[in-house]
1. T76: net charge of surrounding residues, Cβ under 15 Å, Lys/Arg +1, Asp/Glu -1, itself excluded?
2. Shape call for the range 241-366 from the C-alpha gyration tensor, a ≥ b ≥ c root eigenvalues: rounded (a/c under 1.5), prolate (a/b greater than b/c) or oblate?
3. Grab the other residues whose beta carbon is less than 11 angstrom from that of S239, score K and R as +1, D and E as -1, and report the net.
4. Simple spin-label model, 7 Å along Cα-to-Cβ: I225 to V43 in nm?
5. Is the range 114-183 best put as rounded, prolate or oblate by its Cα gyration tensor, with a ≥ b ≥ c the root eigenvalues, rounded for a/c under 1.5, and otherwise prolate when a/b is larger than b/c, oblate when not?
6. Length gain on complete extension for the stretch A97 to R309, per 0.36 nm per residue less the alpha carbon to alpha carbon distance?
7. Using only protein heavy atoms and a 1.4 Å probe, report how much of K300 is accessible, in Å² to the nearest 10.
8. So how tilted is helix 229-238 from the main axis of the chain? Cα-based, degrees 0 to 90, rounded to 10.
Amino acid sequence: MSLNTFGHVFRVTTWGESHGPALGAVVDGCPPGVPLAEPDIQVWLDRRRPGQNRFTTQRREPDRVEILSGVYEGVTTGTPIQLLIRNEDQRSKDYGAIADQFRPGHADFAYWTKYGVRDPRGGGRSSARETAARVAAGGVARAALARLVPGLVVRGAMVQMGPDAIDSGAWDWDEVARNPFWTPDAAAAARWAEQLDALRKRGDSVGAVIEVRADGVPPGLGAPIYGKLDQDIAGALMSINAVKGVEIGAGFAAAALTGVENADEMRMGPDGPEFLSNRAGGVLGGISTGQEVVARFAVKPTSSILTPRATVDRFGAEVEIVTKGRHDPCVGIRAVPVGEAMVACVLLDHLLLDRAQTGGVRAPVG
């Protein structure tokens, strides 16, 4: 099994390498009749596109998406949707010096150990370049969600860079689009700009934490035990390159709470039960509650750095490695639209699963 596919009903297969001629995705299971055109997908790819400011890789890729199948006269047909994104600014020579060396913290060693062959140009499939295909697929998922669940909104933000976290009390969604860090805290963005400039100058990198929120998620998505909504969200986010941790709602902080503190109490409102808090992150027993779904994921520092590091090569020699070329000093910045895309894909997948099993029927309360 190649394991390049995720999803149950709404299924996405990504293909291509960082320095190949193109990359893309095959999206299968999208309902027919969904209005879809290339600009509907391009708007999300433009948010992830490299080279937009000094804090991201200077690789210049337009990331223009082409829809090759699955759409006729502006709507989806229910058949596989082929999405193509051409690579136009590869600079493979940057990797010639390290073709036989393993970057510490990177997938190089693990790939070589498993397959006995690897594409050293940008890391091949292990490159974050692969996530462009996910964002394109997420654009299809968003279009379908907009038709099936009007008002459902998936959006993300960077909430921590290195050890420096935002002030959650200063959260402003409008601010996210005004700074290069996709953060809702303007003061944090100013601090991070200085910190990242210093890191870049000394040839280093830093990690980050991204938060994704989905508002308007209907209750009842997900299933107990092996089909949990939060299980699939966690798996989808964990599959993103460089992600080393995922949490839902209060996450690991819940371990420090008592049962009294952690309980999301309920009262009857005019339209049914209402929760007084959301430490569960919108999911209980693997099933959505109708509250905002909240997930966070931690992205490790970029492994390709200019600071010399000790390693070995594939011949067993101990060497010192320096990675030249164009790399994100904080890959977490461009991970925001990737996280949004993965959550959108999972939500659509579970919406379709639920409709197949229950028809969307809900038990009344009160």
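1. Working: positive: R11, R142, R147; negative: D28, E38, D40, E73.
Net charge in that neighbourhood comes out at -1.
2. Here the range 241-366 falls in the prolate category.
3. That sum, taken over residues with Cβ under 11 Å, equals -1.
4. 4.2 nm
5. Working: a/c = 3.19, a/b = 1.32, b/c = 2.42.
Here the range 114-183 falls in the oblate category.
6. On the way: separation 212, 0.36 × 212 = 76.32 nm, distance 1.43 nm.
Taking A97 through R309 to full extension adds about 74.9 nm, to one decimal.
7. Only protein atoms counted, so the area is about 60 Å².
8. Roughly 10 degrees, rounded to the nearest 10.
The values are calculated or read from the model by the stated rules, or taken from the named source; none is laboratory data. Because the structure is predicted, anything quoted here is derived from the model rather than measured. Positions of Cβ are generated from backbone atoms using ideal geometry, with glycine treated the same way; all protein chains shown enter the neighbour counts. Just so you know, the surface numbers come from the protein's heavy atoms only, side chains and all, with ligands and any DNA or RNA stripped out. Shrake-Rupley method; radii C 1.70, N 1.55, O 1.52, S 1.80 Å.
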